[in-house]
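The values are calculated or read from the model by the stated rules, or taken from the named source; none is laboratory data. These numbers come from a predicted model, not from an experiment. Counting neighbours? That spans all protein chains shown, and the Cβs are built from the backbone with ideal geometry, glycine included. Calculation scope for accessible area: heavy atoms of the full protein, side chains included, ligands and nucleic acids excluded. Shrake-Rupley method; radii C 1.70, N 1.55, O 1.52, S 1.80 Å.
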Amino acid sequence: QDQLVESGGGLVQAGGSLRLSCAASKIAFSTYDMQWHRQAPGKEREFVAGITRSGGTNYADSVKGRFTISRDNAKNTVYLQMNSLKPEDTAVYYCYARKSWINYWGRGTQVTVSS
């Protein structure tokens, strides 16, 4: 029973765009802070973007100005709009929900950016 399910990944050329979605179920979505993380082959998982329950956002320096995180509490969904994609953005992208000591991870969606 997956609480978080990502979608929207795929293959895109450098300079292109993708929008990732993460649909939440079986949790009180609006009470969770939500984040996107990514993991490239041979590298550790890293933070990409976060949005709090109240809508505050923060980003990794590597994606500032190119990625936008948003949430729709009515749809229990968090989004990651990715523009001006670069080959170094290639990774599996994971959705993460956190409230106090409770947290959930999605299974991830692959994003591949070709040069």
*With respect to Val113, determine if the residue is assigned to a strand (DSSP E or B) and either within 20 Å of Asp2 (Cβ to Cβ) or open to solvent by 30 Å² or more (accessible area, probe 1.4 Å) (or both).*
no
*strands (runs of 3 or more DSSP E) completely within the range 2-98 that count 1 or more residues being over 15 Å from Thr109 (Cβ atoms)*: 10-13, 33-39, 46-51, 57-59, 67-72
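For every residue, the table says whether it meets (1) within 20 Å of Ser84 (Cβ to Cβ); (2) out of contact with any Ser or Thr (no Cβ under 6 Å at 6 or more places or on another chain).
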{"position": "Asp2", "(1), (2)": "no, yes"}
{"position": "Gly8", "(1), (2)": "yes, no"}
{"position": "Ser17", "(1), (2)": "yes, yes"}
{"position": "Phe29", "(1), (2)": "no, yes"}
{"position": "Pro41", "(1), (2)": "no, yes"}
*Only one of these conditions is not met by Thr77: (1) open to solvent by 30 Å² or more (accessible area, probe 1.4 Å); (2) among the hydroxyl-bearing types (Ser, Thr, Tyr); (3) in contact with a helix residue (DSSP H, G or I) (Cβ under 9 Å, 6 or more places away or on another chain). Which number is it?*
(1)
*Of (1) out of contact with any Leu (no Cβ under 8 Å at 6 or more places or on another chain); (2) at pLDDT 95 or above; (3) of a type outside the set (Val, Ile, Thr), Pro41 satisfies all except one. Which?*
(2)
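Give the residue, chosen from Ser70, Ser30, Ser62, Ser54, that is farther than 23 Å from Lys99 by Cβ and either surrounded by fewer than 18 Cβ atoms within 10 Å (Cβ to Cβ) or touching a strand residue (DSSP E or B) at 6+ places or on another chain (Cβ under 9 Å) (or both).
Ser62
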